[in-house]
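Before any comments, here is the structure.
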Amino acid sequence: MPPVIHDHARARLVTDARDLPVVPVELRFDGADSPATIRIAYPGGTEWAVERELLERGLRYPVEQDGWRIWPCGRVQVVVERHEAAGVDIVQFDCAPLVRFLRRTHHEAPQPESPQPETAART
């Protein structure tokens, strides 16, 4: 049975306020999920599920997929934006805790390799 990995981080809610409110979040990864998915649980029961690969790419350069926008914000933060019919939610994370968590997911619960296409024999 693949492991479930948990960790905690802090997220800043991006609002019109001068000071961004900080909330604790739980990061969770279940090695049985396919595709590999990071779950971000907020106080009050809200949970986001974002593909691990998308989050990893968003730490390095801006990405957009399936209602998600993720981009680096300076050298030490990343912004995660989620679009839904009800509106847009935006949070900002420090990169270091996310990078540590993502490394743990690869180390402690590696995903099976995708089958590689066989190359045709050369004659």
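Coordinate-derived values only; no laboratory data. The structure presented is a predicted model; accordingly, all values stated were derived computationally and were not measured. Cβ coordinates were reconstructed from backbone atoms using ideal geometry, including for glycine residues, and neighbour counts include every protein chain displayed.
Listed values, structure above:
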quantity: Gyration tensor verdict on the range 4-108 (Cα atoms; rounded if a/c is under 1.5, prolate if a/b is larger than b/c, oblate otherwise); calculated: rounded
quantity: Total formal charge among the other residues, if their Cβ is under 10 angstrom from that of Gln65, Lys/Arg +1 and Asp/Glu -1; calculated: -2
quantity: Listed residue (Gly44, Trp68, His6) projecting farthest to the positive dipole end of the range 4-108, Cβ model; calculated: His6
quantity: Label-point gap, in nm, between Ala49 and Val4 - each point 7 angstrom along Cα→Cβ; calculated: 1.3 nm
quantity: Net charge, His83 excluded, C-beta distance under 15 Å - Lys, Arg +1, Asp, Glu -1; calculated: -3
quantity: Dipole in debye (nearest 20) - the chain, about Cα centre, beta carbon charges: Lys, Arg +1; Asp, Glu -1; calculated: 460 debye
